[in-house]
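For reference, the structure discussed in these notes is given below.
Where a number appears in this text, it was derived from the coordinates with a stated rule and is not lab data. All of these numbers come straight from a predicted model, not from anything done at the bench. Ideal geometry is used to build each Cβ from the backbone, glycine not excepted, and the neighbour counts take in all protein chains shown.
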């Protein structure tokens, strides 16, 4: 295969749409052709950039008014497939006359008034964040700064700006309308995103205390070593000067994610992360000193089998969340030991088998997790 | 409806508010529909802008999408996420609009014999700059539509071919062409 042929098929090659034979021929050519290697590299680079394009772009003009005027010209909902787009519209009727409105009638409309009250919060929540360029900040103590400028009682943190506290100052950030974040002394946080579906801060250093009452996966805090994903909770997160972080969860759940690795941390547990390692295995705050030390060695110091032995022997029923994570983190040779120990602490559901767990069956792992009695938030496992 | 979506819809507070917003919009409540509009207009506009490559036309198309959504929202049954439903509807409105334009029709569909490196007659990419977003908007129409649907919106060639009423090979050729033009643009 020559360069012209190879480059003609590179697009399908990166999309995985070629036959085995075609792939082999291209890879054979790529091994000896620097020019085609460069083409392939550029193509992959382009696709990486494309993957980072935003899914949403704000129109230059507010289109609601012009759209709303056209709504008044519409007739009833056309029957049949809603995706069958009509080519021409009838503009002779002024009444919107949705069929569902006619079907439900007055009684339904009256009852919907109650729903208006319910929707009030939802509508406010949905619209306020998307139109706001940032979040309100209140000074709690001392002289916190936004974008290197002190503010007296209240300030506004715009996207991209940084809020800093010195050794004697504190501040509270209102996270849209879904919660608040207390910024402790000697901390530096930056606002990355303030969208309805993505509330995102960076904690460069220091400590924050977050209290979020929104649905899960709407509030994120990025640190140098992992991202804390709110799953409906209250937690404290600290980052030191080396980028390492400590998470303590007070209520609910938090997921710590980095490079495809994830630790699910329930209330009463904590999780340590180090730059380059990602989130360690979560453990209960009241776990024994021996267990915590052994876990530290296992996660970050290549502690291996010896550390695992200590963790298993020290584990109590309350430490089952630690052993459950270890099922997915130990090698195949050690998994039976973890399985056997966890079985003595929390019996697995009936359909969960030893063989299935040892083979890493995700459905069985999730089922067993739900038996660990770690709280009522069963939905979190579907958010991975 | 996936298990994840079932769980999502079962969540309290926000999901209940969203469900109520949808229900009221289905009953003809404009305020509720405005909430949906403002929540999703950026996503819809992005698809329109990238597909048609022109801000004025993208704004018109965005309005078309929401007018059509208003017309048919009563048929939304919650069997998928509303955003997924709206996304599908958006693409269909855009393609319907393109198909209804005979001039564009000829440009988009008369390409079965187009070679993957054939850029003959293309002058619209002459001003491509380093900005990827602008470069996409300046791609030739047929290459741009296929590129946006495949690489940004995640459609498969078979789906694109079906929607555009072209051969699968043509879709692949246009994608290859678009990627090549973009690489050249980003090299400059």
Please state, to two decimals, what the Cα-based radius of gyration of segment A:230-366 comes to when divided by 2.2 N^0.38 Å (N = residues).
1.02
If neighbour count is taken as other Cβ atoms inside 10 Å, put B:147, A:351 in order from fewest to most.
A:351, B:147
Under the definition of partner shielding as Cβ atoms of other protein chains within 10 Å of a residue Cβ, what is the mean value for peptide A:47-58?
5
Whole-percent pair-distance distribution, where bins are 5 Å wide, for the alpha carbons of segment A:214-292:
3, 18, 29, 26, 17, 6, 1, 0
Partner shielding of B:71-82, as the mean number of partner chain Cβ atoms within 10 Å, equals 4
Give the residues of segment A:264-308 whose amide nitrogen is closer than 11 Å to a point set 7 Å from the Cα of residue A:328 in the direction of its Cβ.
A:264-265
Report Rg/Rh for segment A:174-271, rounded to two decimals, where Rg is the Cα radius of gyration and Rh the Kirkwood radius.
0.92
Across A:8-14, the residue-averaged tally of Cβ atoms belonging to other chains within 10 Å stands at 4
Along principal axes, largest first, the alpha-carbon spread of segment A:141-217 in whole Å comes out as 33, 23, 20
Given the Cα-Cα distance of residue A:3 and residue A:152 and 0.36 nm per residue of separation, how much length would full extension add, in nm?
47.1 nm
Once segment A:285-378 is represented by equal point scatterers at the alpha-carbon sites, with solvent omitted, what log10 I(q)/I(0) does the Debye formula produce at q = 0.21 Å⁻¹?
-1.04
Could you tell me the distance between the Cα centroids of segment B:146-183 and segment A:237-276, to the nearest Å?
42
Taking A:3, B:52 and counting other C-beta atoms within 10 Å, the order from fewest to most
A:3, B:52
When A:203, A:53 are ranked with the fewest other C-beta atoms within 10 Å first, the list becomes A:53, A:203
Note to self: C-alpha centroids of segment B:31-74 and segment A:28-72 sit apart, in Å, by 19
Note: residue A:305 to residue A:293 extended length (0.36 nm per residue) minus current alpha-carbon separation gives 2.9 nm
